[in-house]
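Structure, as structure tokens:
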Amino acid sequence: MAFETGLSGLQAASENLSVLGKNIANVTTYGYKSASTDFSNVLATHLNAANAGAGSQTGDGVMISNIKQSFTQGSVTSTNSSLDAAISGPGFFITYDDALELTSYTRNGHFFQNSENFLVNSSGQYVMGYTAATDGTVTATGTPAEIDLSTYDINPDTATRVYEEDTITFYPLQADGYVTLGGLTFTNTSGSQISTIDLADIFYNYANDGTTSDYGDFSGTLGNYTFAEPDGDGTLVATGTGDEDSTILVDLWSPIGGLPPDVEVTVEGVTTAYLADFSIGSDGIITGIYTDGSTFDIAQLALATFANNNGLRSQGNVSWYETAASGEPTIGVAGSEGVGTLTGSSLEASNTDQTGDMVKLLAAQQAYQANAQTIKIENQNYQTLIAMGG
């Protein structure tokens, strides 16, 4: 039986080498959890069982009874991607394969926005969570769903048009002159020149409280513009709140030659604040960062915990499936009871102890060689017996 014993030792040592090699190979794989092998002896052979004395047992070899993964925390490493997230503490990200219709669980938070604007992992699986309401609140209940990052491509809080301020510079207005500004036309009937300072005050006062002027008369209707109080230098700051192509046309006419016939001022509007970037908070809230610097909560990542992580079945790509041994997942969000927290723009590194595994690798290699040596010696013994019989 020595051949079988040595062979079982070779097989167990080979399996151990494979596990250690996998750990070392994945030392830089984000979210990877290292594995270890458990050995047990094969059912022993009873000797002298028929004798009155106690029987003795000899081992018939060794076998790998279990390959166990360690779900200890890996170190958190910063990245340059705003959609990356690392879990500190219990929990798994929930991903869904639409083609296979399978849900899996991972600690690798390296996520992307795909061509359809959904949040996915490197395998194209959808990352599951909860979409925010139009007021920016997230109700993290019910079944998590795919996260569409374009749901709030325009910030609902800043959808109202806001216009830049523009400054109109007036010219002195002669007795026969007039000015048309923002739909209002002021005609000088005073018989004297109106200074630029007075002209700015006249428009400001009329627009704000309807005060007329002894210098002349107004006609027309002021458009969607507001005027800031002049500071005494003959200029007027106008802010538009109308259509995107709103234009303040300053039509200035005066009998004095050489003055510009009109001054056209376009009030450029910011129609919307478009989604430009993201950030992920410790509670898994995905916040949109918009072109105007404003922010809005878009969604929240869902996390799953299990009663027995070692009961999960590894399916490659640093992800696992639930099994009867793991129990059904408990769905929650980061920071809730029994669930870890998240760090945005970060990833959880492999928890492989490279130095420790290298030492174990040497021991496993020695075990492999020693078991090979038992087979070699047993073979020599057989050759001796055969030679004696010949």
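Close contacts from segment 315-335, counting a first residue that is free of Cβ contacts under 8 Å to residues at least 24 places away in the same chain and a second that is open to solvent by 70 Å² or more (accessible area, probe 1.4 Å) and part of a strand (DSSP E or B), with Cβ to Cβ under 7 Å and a gap of 6+ residues or different chains, come to 323/313.
Here residue 311 fits the description: small (Gly, Ala, Ser) and modelled with pLDDT of 90 or more.
Of the residues making up segment 122-139, those that are touching a Leu at 6+ places or on another chain (Cβ under 7 Å) and over 23 Å from residue 96 (Cα atoms) number 0. Every listed requirement among (1) more than 19 Å from the chain's Cα centre (by Cα); (2) under 30 Å from residue 37 (Cβ atoms) is met by residue 385 save one, (2). For segment 183-212, the tally of residues that are touching a residue at least 40 places away in the same chain (Cβ under 8 Å) and closer than 11 Å to residue 236 by Cα stands at 0. Of all the residues in segment 313-338, those that are open to solvent by 20 Å² or more (accessible area, probe 1.4 Å) and closer than 27 Å to residue 285 by Cβ number 12. Apart from one condition, residue 168 fits all of (1) touching a helix residue (DSSP H, G or I) at 6+ places or on another chain (Cβ under 7 Å); (2) buried (at least 16 other Cβ atoms within 10 Å of the Cβ); the exception is (1).
Taken over segment 89-125, the residue count meeting the criterion of being in contact with an Asp or Glu (Cβ under 9 Å, 6 or more places away or on another chain), open to solvent by 20 Å² or more (accessible area, probe 1.4 Å) and within 20 Å of residue 26 (Cα to Cα) is 3. Taking the numbered list (1) modelled with pLDDT under 95; (2) of a type in the set (A, V, I, L, M, F, W, C); (3) surrounded by 13 or more Cβ atoms within 10 Å (Cβ to Cβ) in turn, residue 362 passes all entries but (3). Apart from one condition, residue 276 fits all of (1) open to solvent by 60 Å² or more (accessible area, probe 1.4 Å); (2) at pLDDT below 85; (3) not in a loop (DSSP other than H, G, I, E, B); the exception is (2). Listed by position, the strands (runs of 3 or more DSSP E) contained in segment 107-193 that have at least 3 residues being under 28 Å from residue 274 (Cα atoms) are 111-113, 119-121, 126-131, 165-169. From the list 170, 71, the one residue that fits, being touching a residue at least 40 places away in the same chain (Cβ under 8 Å) and within 24 Å of residue 35 (Cβ to Cβ), is 71. Among the residues of segment 186-208, those that are surrounded by 15 or more Cβ atoms within 10 Å (Cβ to Cβ), under 15 Å from residue 221 (Cα atoms) and of a type in the set (S, T, N, Q) comprise 187, 205.
Only one of the listed residues (353, 357) is buried (at least 19 other Cβ atoms within 10 Å of the Cβ), at pLDDT below 95 and charged (D, E, K, R). That residue is 357. In segment 126-145, how many residues are touching a strand residue (DSSP E or B) at 6+ places or on another chain (Cβ under 9 Å) and either open to solvent by 60 Å² or more (accessible area, probe 1.4 Å) or without any contact (Cβ under 8 Å) to a residue 24 or more places away in the chain (or both)? Total meeting the criteria: 7. For segment 213-259, the tally of residues that are assigned to a loop (DSSP other than H, G, I, E, B), at pLDDT 70 or above and surrounded by 13 or more Cβ atoms within 10 Å (Cβ to Cβ) stands at 7.
The values are calculated or read from the model by the stated rules, or taken from the named source; none is laboratory data. Not measured: the values here are computed from a predicted model. Positions of Cβ are generated from backbone atoms using ideal geometry, with glycine treated the same way; all protein chains shown enter the neighbour counts. Note: accessible area is taken over every heavy atom of the protein model, side chains too, but ligands, DNA and RNA are not part of it. Shrake-Rupley method; radii C 1.70, N 1.55, O 1.52, S 1.80 Å.
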